[in-house]
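First comes the structure, then the notes that go with it.
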Amino acid sequence: MNRDNLGKVIYPLIGTLLIFLVWDQYAVQFEISPVVLPRPGDVFVAIVDEFPQLLNEGWTTLLECVYGFALAVIIGIPIAVVMTDFRVLNMMFYPLLIATQSIPKVAIAPILMIWFGTGLESKLAIAFFIAFFPVVVDTATGLRATPNELLELARSLRCSYFQIFFKIRFPSALPFIFSGAKVAVTLAVIGSVIGEYLGGSDGLGALQLVANSQVNPELAWASLVGLSLLGIILYMAVVIAERVLMPWGYDAGHH
């Protein structure tokens, strides 16, 4: 592991330890009640004691996030392509897309619960609804940012639409697509938790509500730690996919 990669691991760990230290000292010096703010050590003990339950509920939330995010990518990218290539469709539906994005997700979640029930489907739908917008917008931006010189060269060589798309436009848009995906995958976690708060008994969000109702702040904070780790794991998965599918961009950024 070279120095740059080592720094990317060590510095976040140092920052995390500093936050835990400040958190612990704040709770001690100001004599904060554990119900209001438990100490980091107590939260760690709760994580160890309740690890099987946290792992089980975390798996449920993970599936909700992954399915919702995957659906946003599978549906969002083709819609962005169509809206980019057909100006009339863009003028017709882009304002509607912005309008739906401006709706508070907590307001739309109960409607989705009625449509899909309180199972996995409703959480998936909420995660999709939140993650969909950045995927579409960033993909469309990337497709529009394709250099005109490359497009003119391809047309002069009589390349077909699909050749231009898969050889030039899509690769050029990949940095934008992955930027949107990084935002979308973290938003999918938020969407899943909103769904778990409003209905259902599975997932880390539901576990946190149960812990709060039982006045178990350590378990509630342990659930928050689990959600944070889940977001980091999903974000890093997108970063790894970016390095695999777009190695030239990664290499260019490190030379």
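Some points to look at:
- In this simple spin-label model, placing a label point 7 Å from the Cα along the Cα-to-Cβ direction at both residue 55 and residue 201 gives a separation of 2.3 nm.
- Cα-based helix-to-principal-axis angle, 204-213 vs the chain, degrees rounded to 10: 30 degrees
- Calculated FRET value between residue 239 and residue 10, using beta carbons and R₀ = 22 Å, to 0.05: 0.80
- Helix axis angle, 170-198 relative to the chain longest principal axis, alpha carbon, degrees: 30 degrees
- Put a dot 7 Å past the Cα of residue 35, heading toward its Cβ, do the same for residue 215, and the two dots end up 0.5 nm apart.
- Computed E for residue 229/residue 159 - FRET, C-beta separation, R0 45 angstrom, nearest 0.05: 0.50
- Charge dipole of the chain about the Cα centre (unit charges at C-beta), most positive-ward option of 111, 156, 95: 156
- Shape analysis of the chain based on the Cα gyration tensor places the equivalent ellipsoid semi-axes at 40, 25, 14 Å, largest first.
- Compared with the dominant principal axis of the Cα atoms in the chain, helix 3-29 is inclined by about 40°.
- Options 67, 132, 237, ranked by Cα towards positive dipole end of the chain, top entry (Cβ charges): 132
- Dividing the summed -39500 (n - 2.57) terms of all DSSP H runs of n ≥ 4 by the residue count of the chain sets its mean residue ellipticity at 222 nm at -28000 deg cm²/dmol.
- Burial order of peptide ranges 115-125, 176-186, 235-245 (average beta-carbon count within 10 Å, highest first): 176-186, 115-125, 235-245
All of the numbers you see were taken from the coordinates with simple rules; none came from a lab. This one's a predicted model, so the numbers in the text were calculated from it and none came from an experiment. Positions of Cβ are backbone-derived with ideal geometry, glycine not excepted, and every protein chain shown enters the neighbour counts.
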